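This report refers to the structure that appears directly beneath it.
The values are calculated or read from the model by the stated rules, or taken from the named source; none is laboratory data. Nothing here was measured: the structure is a model prediction, and the numbers come from that model. Methodologically, a virtual Cβ is constructed for each residue, glycine included, from the backbone with ideal geometry; neighbour enumeration extends over all protein chains shown. Heavy atoms of the whole protein, side chains included, go into the accessibility calculation; ligands, DNA and RNA do not. Shrake-Rupley method; radii C 1.70, N 1.55, O 1.52, S 1.80 Å.
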Amino acid sequence: MRGSFQTRTIKWSMHYGVLLVYVAVALFPLYWLVKVSITPDDILYKQGTDLLPSKLSFEHYATVIGKSDFLLFFRNSIIVSGITAIASTILAMASGYAFSRFAFKGKFWIVGLMLVTQMFPLVIVITPIFSIFGTLGLTNSLTGLIIIYTAFNIPFATFLMQSFFDGIPKDLEEAAMIDGATRFKAFVQIIAPLTLPGIVATAGFCFTGAWGEILFALLLNSSASASTFPVGLLLYSTRATIEYGPMMAAGVLALIPVCIFFFLIQRYLVQGLTAGAVKG
Amino acid sequence: MASIAINGVRKDYGAVPVLKGVDLAIDSGEFVVLVGPSGCGKSTLLRIIAGLEDLSAGEIRIGDMRVNELAPRDRDIAMVFQSYALYPHMSVRDNMSYSLKLKRTPAERIAEAVKRAGDKLGLEALQDRKPRALSGGQRQRVAMGRAIVRNPKAFLFDEPLSNLDARLREQMRFEIRKLHRDIGATSVYVTHDQIEAMTMSDRIVAMNGGIIQQVGAPLELYDNPANIFVAGFIGSPAMNFIKARAVREDNRIALYVGATKLLGMPAPDRLPDNGEVIAGVRPERIGLLPSSEAGVAATVELVEPTGVATVVHADIAGQQLKLFTTERLQLDVHQPVSLTIRPADVCLFDPISGERLRVPR
Ligand SMILES: Nc1ncnc2c1ncn2[C@@H]1O[C@H](COP(=O)(O)OP(=O)(O)OP(=O)(O)O)[C@@H](O)[C@H]1O
Ligand SMILES: [Mg+2]
């Protein structure tokens, strides 16, 4: 029963009406970010609540890029997030594969332990980490951040990768192994290409997590040379003023790599690469 | 091409024994079918031969070599999976050449081998397709092609036809046999379909509960089953099992069903003390006369014409029998008929152990 033309139209409008409201609400902060970033300082406060500024200018972008350490922060963030994403994903692929394919002693307890690490807030471990890293000389260093981010990403990334490997029939690598491949070769040539969407999703998850992280970045790295851009954003808010314009401009710039990243990977995220593997 | 020897193979999953001591020698070039009900350990045995599963005890030899410790890739065997397990991101050509590439075969030799296998299987036009763009039957052929390009020591098949429809299955049955005749490679073929087992094999290995029940040529298992499991598993419609009482008369016995005397026959070499036996008769070996003439009195319960033959369900003293006749008889339900069974067509079984009670010749 599809109903009459009228009821269908009403249903259709309601579907899209609801979706529209949702999208508008979700995107509004983003819109505001962009709007403020291109509003010149002189009218920023006068027309603060207008939906559209009467004048546009890119002066804040010039300030951010030309007169601040933003490019340095940006570079730091790229290094930290990029290496974190790569390292976490590779490690999670290895451990996720092991969890998915092998039965071994202590598996239950390792999985349990990894779940436990996900249960309490990270704030709890900041002090011990700070003192340990201080002794090891890992404060004020990008390496320190990479280690922490990678360590905290691995449990979840592992479960994520495991679920992707679980979706690949075991027959495939067994067939490859009978065809003459080592397990590692079967993994690289057969399993990895098929889990590419999952690998990319996991990398994306780790990348964005590290990209936006501020707590450890702020506490461990106090020198500007090792700051990531979320810490840099805070510099625009001093005790006396908040420089909204440059702050928002920096925010918009910070979104760009993430947007590019997701633009590049989106086709992998939606693709079902395993179609046709078995039966059908 | 090589022989395969399976010596005392046992496999336990934790405390659960799945294979309980399997011994089997497969000759070079032989086509052996492992058949048995679901869960009897056929796939496990095949995977142990392939090296995909460790064994708990025993030994596997391929050719002259003990392969227990060898990885699957070093055993030089090919396997066709029930799921086909085609590499979904590779074209048909790449699927078939994968194993040769791993062996660093020169490109021309690969192209030649793939072409030869493709021609044999009718895959010429599909070489550049991905598996998802193939029908089930075509995927099955690609899986076969992937196995034959390699020229391995042996082929292993794990229910390769069970995902195909009946017509295609029949055709592939024929083609696999033909391929075997052309290539002559040692093959171990797992199925739970006794028709596949009967029609394809040089020898059938009937398994149940992790134990080999009988090994032999198809008709040997059919005519001369070692126990009640094999008798009931091989053949469709299945063998009739009649609970009977054997009364000894010198070196002969008379079989009674209730008060009805079924037949007299030479006594087997042993009989249970109480005389209770199970008499097995193939449906097509029971003769039917449409009146109560000579023979055993029975009544018709149900008539199922299949076209080729008619399956008649009859009742002898409260026990159901199926019989099979190619004559077009006019039969009514509840009609009294008489059945004739030749003593030579009766297999006697011990009702407790299920073992065959052999009649000396
Ligand atoms: N990894 C495993 N862990 C525990 N038990 C297993 C495992 N694999 C198989 N089994 C058990 O071993 C027995 C034999 O399995 P197997 O797959 O060999 O059966 P099969 O004869 O091939 O049956 P089918 O016709 O259904 O394929 C089954 O009872 C199964 O439950
Ligand atoms: Mg099986």
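Quick notes on this one:
- Residue identified as among the β-branched types (Val, Ile, Thr) and within 16 Å of ligand 2 (Cβ to nearest atom) among B:Val67, B:Val18: B:Val18
- Among the candidates A:Thr139, A:Thr202, A:Thr158, residue that is over 30 Å from A:Phe70 (Cβ atoms), in the same structural domain as A:Leu122 (by TED's automatic domain parsing) and in contact (Cβ under 8 Å) with a residue 60 or more places away in the chain: A:Thr158
- All positions within segment A:68-86 that are hydrophobic (A, V, I, L, M, F, W, C) and open to solvent by 30 Å² or more (accessible area, probe 1.4 Å): A:Leu71, A:Leu72, A:Phe74, A:Ile78, A:Ile79, A:Ile83, A:Ile86
This table checks each residue for (1) away from every other protein chain (no Cβ under 13 Å); (2) open to solvent by less than 30 Å² (accessible area, probe 1.4 Å).
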{"position": "A:Ile132", "(1), (2)": "yes, no"}
{"position": "A:Ala151", "(1), (2)": "yes, no"}
{"position": "A:Ile154", "(1), (2)": "yes, no"}
{"position": "A:Ser163", "(1), (2)": "yes, no"}
{"position": "A:Ile168", "(1), (2)": "no, yes"}
{"position": "A:Asp171", "(1), (2)": "no, no"}
{"position": "A:Glu174", "(1), (2)": "no, yes"}
{"position": "A:Ala181", "(1), (2)": "no, yes"}
{"position": "A:Ile199", "(1), (2)": "yes, yes"}
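- The residue that is surrounded by the most Cβ atoms within 10 Å (Cβ to Cβ), counting only those in segment B:132-164 that are among the polar types (S, T, N, Q) and part of a helix (DSSP H, G or I), is B:Gln140.
- Flag if B:Arg129 is open to solvent by 30 Å² or more (accessible area, probe 1.4 Å) and either assigned to a helix (DSSP H, G or I) or over 20 Å from B:His89 (Cβ atoms) (or both): no
- Looking across segment B:71-87, just one residue is open to solvent by 10 Å² or more (accessible area, probe 1.4 Å), at the interface with chain A (Cβ under 7 Å from one of its Cβ atoms) and in contact with a Lys or Arg (Cβ under 8 Å, 6 or more places away or on another chain), and that is B:Ser83.
- Filter result for B:Pro106 (open to solvent by 10 Å² or more (accessible area, probe 1.4 Å) and more than 26 Å from the chain's Cα centre (by Cα)): yes
- On the stretch given as segment B:24-70, residues that are within 14 Å of another protein chain (Cβ to nearest Cβ), within 11 Å of ligand 1 (Cβ to nearest atom) and either of a type in the set (Phe, Trp, Tyr) or open to solvent by less than 10 Å² (accessible area, probe 1.4 Å) (or both) total 2.
- Whichever residue in segment B:172-198 is of a type in the set (D, E, K, R) and either within 16 Å of B:Ala147 (Cα to Cα) or open to solvent by 20 Å² or more (accessible area, probe 1.4 Å) (or both) and, among such residues, is nearest to ligand 2 (Cβ to nearest atom): B:Asp193
- Complete set of residues in segment B:88-103 that are β-branched (Val, Ile, Thr) and either surrounded by fewer than 19 Cβ atoms within 10 Å (Cβ to Cβ) or facing chain A (nearest Cβ under 9 Å) (or both): none
- Residue count for segment A:212-222, restricted to those that are in a helix (DSSP H, G or I), out of contact with any Phe, Trp or Tyr (no Cβ under 8 Å at 6 or more places or on another chain) and buried (at least 21 other Cβ atoms within 10 Å of the Cβ): 1
- Residue match in segment B:36-43 (condition: closer than 21 Å to A:Lys185 by Cα, in contact (Cβ under 8 Å) with a residue 60 or more places away in the chain, outside any loop (DSSP other than H, G, I, E, B) and within 16 Å of ligand 2 (Cβ to nearest atom)): no
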